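The numbers here are math on the coordinates, done by the rules we state, and not lab data. From a predicted model like this one, the values you see are computed outputs, not experimental measurements. Backbone-built Cβ (ideal geometry, glycine too); neighbour counts: all protein chains shown.
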Amino acid sequence: MKRLADERWRASRVAEDIATLGLELAIRQQSADKVLLWSERWRALVSGAEPVAERPEVLVELVRDQDALHAVVAHHDRISLHGLGSLSAVTEAMVRIRYNLRRRNLRDTRPEGEEGLSSGLLRELSALDEALIRPLGLPPGAVSVVPTVALHSLPWSLLPSLRGRAVSVAPSAALAVARQEAGGPVVALAGPDLAHAEEEVTAVVGVHEKGERVPATRGALLEALGRAGIVHIAAHGIFSGRRPMMSSILLDDGPLLVHEFFRLTRVPPLVVLSSCDAGMASAPADGAAFGLAGAFLDRGASTVIAGIVPVRDDEAARLMVEFHRLLAQGEPPAQALAAAATTTDVPGFACFGTG
């Protein structure tokens, strides 16, 4: 797996050199369609996913020209290019937001039993929304965000202009439309040392007509990934920023590492990681997002729901039961997550891939 990561890294260096020139010229020409074309070519070379003509309902693809951040917005046959200022300033704001969200979820800033976001976090989110989303004038509809570098880990759905909307995050526009039907059973498992994981999994299985539970062992999970339509994992997730291929899910018989997923020939269309930090990614180049969620997308999952900060397991259970209830009623994953987050007031989860 180290060889695979090294090959991806070398490919990304070549892609970056080629795409940097193409993007610079397209940005100088203020040509939105060419910026999108060059960005997708770059991401395709890095990820191995072929560019596609199909686009999500509302696409927001972020590109960078040194420290200048730009967004391409595509909706039907309309494509526009927007300058958004400093990438480093946006990244710094994201770090502050993630820090405050982490403190909120761990009850460092809110009394026990008090819900909602702190006034400081709301101000940070509003300021970033004014800089990043409101200038885009997004039309109604589900939004697919294709970030650049570290912005994969931004809690996009908490920004005021996107709150309550179906929002998904993908490494490329091609992976934002790679939808599969989730045929097969809904399989769930509860990992160790989580007080509310058992009740969460029991409730999730009970919501679905074809729900079943399996032991929280590596063998049982790998077998379920090969046959299920949806797999729900309520377990501790560990993200390794320095060695993302060593990120893991903690099971009863030990950790299951990311690099073990690459042996799988098939994964479910929808994977739900009810785990802290499971949506975190190391993104050395656009088109590559290494981590737990990224590994499932790389192996062929259409959609991954995952935590992007630490989340208390009692809150995660409350959110996930409502999410699956809506999913069982036919709601798309991104819309089900948005509605469940609004109903339960539980932040910290994101939809990756196809919404």
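Here the Debye sum runs over all C-alpha atoms of the stretch 312-355 as equal scatterers in vacuum, and log10 of I(q)/I(0) at q = 0.16, 0.24 Å⁻¹ comes out as -0.35, -0.76.
GNM on the chain, alpha-carbon springs under 10 angstrom: the most fluctuating residue among ARG218, ARG318, ARG263 is ARG263.
Its Cα gyration tensor gives the stretch 192-280 an equivalent ellipsoid. The semi-axes, each the square root of 5 times an eigenvalue, are 21, 16, 11 Å from largest down.
Note on ARG263 and GLN180: the extension gain reaches 27.8 nm, defined as 0.36 nm multiplied by sequence separation minus the Cα-Cα distance. Roughly what angle does helix 333-344 make with the longest principal axis of the chain, taking Cα atoms, 0 to 90 degrees, to the nearest 10? Its long axis makes an angle of about 70 degrees. Using only side-chain charges placed at the Cβ, +1 for Lys and Arg and -1 for Asp and Glu, the dipole size of the chain relative to its Cα centre rounds to 620 debye. The stretch between LEU222 and GLN29, if pulled fully straight at 0.36 nm per residue, gains 64.6 nm over its current Cα-Cα span.
Size of the chain: Rg and Dmax of its alpha carbons, in Å, are 19.2, 57. Distance between the pseudo-spin-label points of ARG96 and GLN66 (7 Å out from Cα toward the beta carbon): 2.5 nm. Beta-bridge orientation, the chain: approximately 50 percent antiparallel, per DSSP, counting only bridges with both partners inside. Rounded to the nearest 20 debye, the dipole magnitude of the stretch 238-313 is 140 debye, with +1 charges on Lys and Arg beta carbons, -1 on Asp and Glu beta carbons, and the Cα centre as origin.
Each listed q (0.12, 0.16 Å⁻¹) maps to a log10 I(q)/I(0) for the stretch 237-355, found by the Debye formula over equal Cα scatterers with no solvent: -0.41, -0.73. Comparing mean-square fluctuations of MET245, MET320, MET280 from a GNM of the chain with C-alpha springs under 10 Å, the top value falls on MET245. Spin-label pair GLU130-GLU212: with each label point 7 Å from Cα along the Cα-Cβ axis, the two points sit 5.5 nm from one another. Based on Cα contacts under 8 Å between residues 6+ apart, the chain shows a relative contact order of 17 percent. Decide, for the stretch 119-220, between rounded, prolate and oblate: order the square roots of the alpha carbon gyration tensor eigenvalues as a ≥ b ≥ c, take rounded if a/c falls under 1.5, and otherwise choose prolate if a/b is larger than b/c, else oblate. It comes out prolate by the Cα gyration axes. Basic side chains Lys and Arg get +1 at the Cβ, acidic Asp and Glu get -1 at the Cβ, and with that the dipole of the stretch 127-272 about its Cα centre reaches some 560 debye. Taking the C-alpha atoms only, the angle from helix 2-28 to the longest principal axis of the chain is near 40 degrees. Taking the chain as the reference, fit the longest principal axis to its C-alpha atoms, fit the long axis of helix 119-132 to the helix C-alpha atoms, and give the angle between the two in degrees, 0 to 90, nearest 10. For 119-132 against the chain, the angle is about 40 degrees. GNM on the chain, alpha-carbon springs under 10 angstrom: the most fluctuating residue among ILE27, ILE308, ILE249 is ILE27. In the chain the longest region clear of GluC sites (Glu not before Pro) that are loop-assigned by DSSP and have at most 11 other C-beta atoms within 10 Å covers 210-355.
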